[in-house]
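Notes follow the structure.
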Amino acid sequence: MKKTLNLLMILALSFAVLSCGSSNKNDEKKEMKEEKEVVKSAFDQAIEGSIPVVVDFYADWCKPCQIQGPIIDDLAKELGEQIKVIKVNVDNEQTLAARFEVQSIPTIMIFKENRIVFKAVGLQNTTVLKNALGDLGVDISMPNIEKSEPKSSFDQAIAGSTPVLVDFYATWCKPCQIQAPIIDELERELGGQIKVIKVDVDRELELSQRYGIQSIPTIMIFKENQIVFKALGVQNKETLMQAINNL
């Protein structure tokens, strides 16, 4: 009889332990679910209004994302309260990235009233983003003095009768690093016969797009606002010298 009672007590205790463990796990799952719902709710609440929301899906290790970030920051400063900006780190917010099927970064989305009204994959320049926002009723006519001044300087430089050699490059580009000393040497030899402008395509996205730069280095020579020479890839000094002499 005692053995039977002892066995029943052991079974009862075991059941109690199992029940407690199951309850704790359920509580933990419930808390995790509630926590995730709070984060998701904050995002959903942000995108449901009538003010356009620019969402930048990025990662810390992504080089194009590092270029895209400041472009969006400048846009937010320029347009002020007309837009909102949310930056989503895809490594930290994998559920959110999966929800919107983000497979490549940077991915830029613009939301309005809980709908995706614009989506673009890859690096986007200011003009593309401003045009998209302009279509949504945002006033994009406010002048950006900081950015318009360099462009004006460029236009002024290429408008004269002195040939202007423009080197479109990037700091990470190995062929560009080979091209640069060749151009420097050419400039020293020709002195005041030419002007040289170096354009970092990562920093001057609008200027690069304006001239259809798709490969670097790209060398252009301007005279009186006209492109009189264009070449892709590394060019030796003799080729560039001949192009200038032909002018």
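The values are calculated or read from the model by the stated rules, or taken from the named source; none is laboratory data. Remember, it's a predicted structure, so these values are computed and weren't measured experimentally. Neighbour counts are summed over all protein chains in view; Cβ atoms, including those assigned to glycine, are modelled from backbone coordinates with ideal geometry.
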Restricting segment 233-247 to residues that are assigned to a loop (DSSP other than H, G, I, E, B) and touching a strand residue (DSSP E or B) at 6+ places or on another chain (Cβ under 7 Å), the one surrounded by the most Cβ atoms within 10 Å (Cβ to Cβ) turns out to be Q235
Please return the ranges of strands (runs of 3 or more DSSP E) entirely within segment 13-115 where 3 or more residues are at pLDDT below 90, among the hydrophobic types (A, V, I, L, M, F, W, C) and at negative phi.
none
Kindly check whether there is at least one residue in segment 61-75 that is in contact with a Lys or Arg (Cβ under 8 Å, 6 or more places away or on another chain), surrounded by 13 or more Cβ atoms within 10 Å (Cβ to Cβ) and more than 16 Å from R203 (Cα to Cα).
no
Going by the conditions given, is V90 crowded, with 19+ Cβ neighbours inside 10 Å and either among the aromatic types (F, W, Y) or without any contact (Cβ under 8 Å) to a residue 40 or more places away in the chain (or both)?
yes
Within segment 105-142, can you find the residues that are without any contact (Cβ under 8 Å) to a residue 12 or more places away in the chain and either hydroxyl-bearing (S, T, Y) or surrounded by 16 or more Cβ atoms within 10 Å (Cβ to Cβ) (or both)?
V128, S141
Among what's in segment 192-206 and is within 19 Å of the chain's Cα centre (by Cα) and in a helix (DSSP H, G or I), pick the residue that is surrounded by the most Cβ atoms within 10 Å (Cβ to Cβ).
L205
Could you tell me whether I219 is assigned to a strand (DSSP E or B), under 30 Å from C62 (Cα atoms) and modelled with pLDDT of 90 or more?
yes
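This table checks each residue for (1) surrounded by 16 or more Cβ atoms within 10 Å (Cβ to Cβ); (2) within 21 Å of C62 (Cβ to Cβ).
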residue: W172; (1), (2): no, yes
residue: Q179; (1), (2): yes, no
residue: E185; (1), (2): no, no
residue: S208; (1), (2): yes, yes
residue: S215; (1), (2): no, no
Only one of (1) assigned by TED's automatic domain parsing to the domain that holds I182; (2) modelled with pLDDT of 90 or more; (3) under 22 Å from the mean Cα position of the chain (by Cα); (4) surrounded by fewer than 16 Cβ atoms within 10 Å (Cβ to Cβ) is not met by F168, so which one is it?
(4)
